[in-house]
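See below for the structure under consideration.
Values in this text are rule-based calculations from the coordinates and carry no lab data. Because the structure is predicted, anything quoted here is derived from the model rather than measured. Neighbour counts run over all protein chains shown; Cβ positions are idealised from the backbone, glycine included.
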Amino acid sequence: MTDVSAMGPGPGDDREVLTNRQGHPVFDNQNQRTVSARGPATLENYQFLEKISHFDRERIPERVVHARGVTTYGFFEAYGKWGEEPIARFTRAKLFQEEGKRTPVAVRFSTVIGGRDSAETARDPRGFAVKFYTEDGNWDLVGNNLAVFFIRDAIKFPDVIHALKPDPVTFRQVPNRIFDFMSQTPEAMHMLVNLFSPRGIPADYRHMQGFGVNTYKWVNGDGETVLVKYHWMPKQGVRSMTADDAAAVQAGDLGHATRDLREAIDRGEYPEWELVVQMMSDEEHPELDFDPLDDTKVWPEDTFPALPVGRMVLDRNVGNDFAENEQIAFGTGVLVDGLDFSDDKMLVGRTFSYSDTQRYRVGPNYLQLPVNHAKEAAVRTNQRDGQMTYHVDGGGENPHVNYEPSITGGLREAQYPTHDEQGPVINGRVTRKRIPRTNDYEQAGQRYRLMEDWERDDLVKNLVGQLAQCDRPIQERMVWHFLLVEDELGLRVGEGLGIGPNDVRHLEPLASQDLTDQDRERLGNLG
Ligand code: HEM
């Protein structure tokens, strides 16, 4: 090996010497090789061609959603209990068991719709994705700052995102496209009431909540299952911005939230969140007026208390944005023993989508990258080869055996930890149907009624501002929905648009919706 450190430019400069990726020292980084000082370049110009062709490949496709974000590291510390009960009664997941047990985490906060360099002041959900490097392998909890979502079936995800993304012709985000879709999607009302309130623009990433949104399961040592929802509560409090605040911040900085987080950590002000979990028995719950597997709904906390199970502290910034933020890969399929999926139709679709996009975006060996690799658990697979193979995963004692079963020293299956699961047995025809209890308006109305006056004023102002740019039939349908959400909201938004209840009472319910008796009564009272 050449000792390049001995080849510095001269006495007095003890910095390390620049090389190329082959380890060759670079003697001249200013001029490419040419025939005489003014002459043509030559094709054997290895150093220049390596440098420029690597540069040509510096970008990978950005995330199709959540392209702009920031990653930081820290730890999760378990409380060992759910309320007064030892947590083992509900889940056997090792990271939760012992009070004080710490698990390293990587967390990525993001905006959803804009590209990699877009403004962090956008009215947009914020991503809140946590990777726990547990002793049983990695667990990803991929959430948002708002508790619900626009849609309840993953088959609608490309549609809702296309409506929210820029117009394919003009590349402008257009309210008419957004509300064209939303006006035909009654289940989106709960999300819209949140998104257009001040909560739709968090002040920064440190002062926002996180929600798993989808319903998951916990499995205990006897294989018994419960349904759970996860929420992160910031110890720093929750702060939001109005559209005017956001415009002022954006005028000076497109990346204020990333900067705020990095600088706080550099100052030693480590942000902290408490993880609280809601739980319900693993069944259909016909007594509820919503479906526990519907991600457009929250679970009322008076019936399903949110109990703390641990805390998370973020205390270290990344050393390189591309390696650790651009290439980090989260997915809802990444669970550990003791945690499981529910039949939530969004969750199932998400679970395919994440690893699918990451194989395309980062490459088939994305899990070999240090930020994605399990840190606290051994990785031993029979997977081999593929683009950018970085190393051979650990294997059995015989390197020739990359298959299973084998009696010649290959890997064996693990033993199932304790019991297999004992969740509910489900029977039914294969079909394409909406879930029975859609109840699209009630919780949206409750949310509106819970807001403070200034939040309601802001919500109405924001909705009117956007809807004023929409076609009249879209405006009318949105006013119709908002009247069903809450009279006052519908009347106020309608007033801002010059549309009264009499202008919308002729509208029929959408073919895509199931109205409750309560909704029908409200419809009858319109006007
Ligand atoms: C990112 C799909 C719903 C939270 C992504 C990505 C895809 C995707 C393809 C890019 C991943 C990557 O390139 O690494 C979907 C689909 C959904 C869905 C198909 C619905 C069926 C949701 C919901 C939430 C959410 C409901 C919130 C609970 C996130 C977050 C990220 C993300 C936080 C960014 C992860 C990161 O920081 O790398 N999603 N998503 N998504 N999604 Fe979803």
| task | Would you tally the residues in segment 326-359 being surrounded by 17 or more Cβ atoms within 10 Å (Cβ to Cβ), part of a loop (DSSP other than H, G, I, E, B) and more than 11 Å from the ligand (Cβ to nearest atom)? | result | 6
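Just the residues that are small (Gly, Ala, Ser) and closer than 22 Å to residue 187 by Cα, please, taken from segment 417-467.
Those that are small (Gly, Ala, Ser) and closer than 22 Å to residue 187 by Cα: 444, 445, 465.
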| message | It is to be established whether one or more residues within segment 64-81 are over 22 Å from the mean Cα position of the chain (by Cα), away from the ligand (no atom under 16 Å from the Cβ), more than 30 Å from residue 254 (Cα to Cα) and not in a loop (DSSP other than H, G, I, E, B). | response | yes
| request: Go over the candidates 371, 362 one by one and state the one that is within 26 Å of residue 160 (Cβ to Cβ) and within 16 Å of the ligand (Cβ to nearest atom). | output: 362
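Looking only at segment 420-452, how many residues end up being of a type outside the set (Asp, Glu) and under 26 Å from residue 522 (Cα atoms)?
17
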| query | Restricting attention to segment 274-302, which residues are in a loop (DSSP other than H, G, I, E, B), closer than 20 Å to residue 234 by Cα and within 16 Å of the ligand (Cβ to nearest atom)? | reply | 298, 299
| message | For the list (1) in contact with a His (Cβ under 9 Å, 6 or more places away or on another chain); (2) surrounded by fewer than 19 Cβ atoms within 10 Å (Cβ to Cβ); (3) free of Cβ contacts under 8 Å to residues at least 60 places away in the same chain, I need the number of the one condition that residue 323 fails. | response | (1)
| said: Filter segment 339-391 down to the residues that are under 17 Å from residue 326 (Cβ atoms), under 16 Å from the mean Cα position of the chain (by Cα) and among the aromatic types (Phe, Trp, Tyr) and list them by number. | reply: 354
| residue 313 away from the ligand (no atom under 16 Å from the Cβ), within 19 Å of the chain's Cα centre (by Cα), over 30 Å from residue 424 (Cβ atoms) and surrounded by 15 or more Cβ atoms within 10 Å (Cβ to Cβ) | yes
| If we keep just the residues of segment 142-197 that are near the ligand (Cβ under 8 Å from one of its atoms) and aromatic (Phe, Trp, Tyr), which is nearest to residue 210 (Cα to Cα)? | 149
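Answer yes if at least one residue in segment 84-96 is over 23 Å from residue 372 (Cβ atoms), touching a Leu at 6+ places or on another chain (Cβ under 8 Å) and not in a strand (DSSP E or B), and no otherwise.
There is at least one residue in segment 84-96 that is over 23 Å from residue 372 (Cβ atoms), touching a Leu at 6+ places or on another chain (Cβ under 8 Å) and not in a strand (DSSP E or B).
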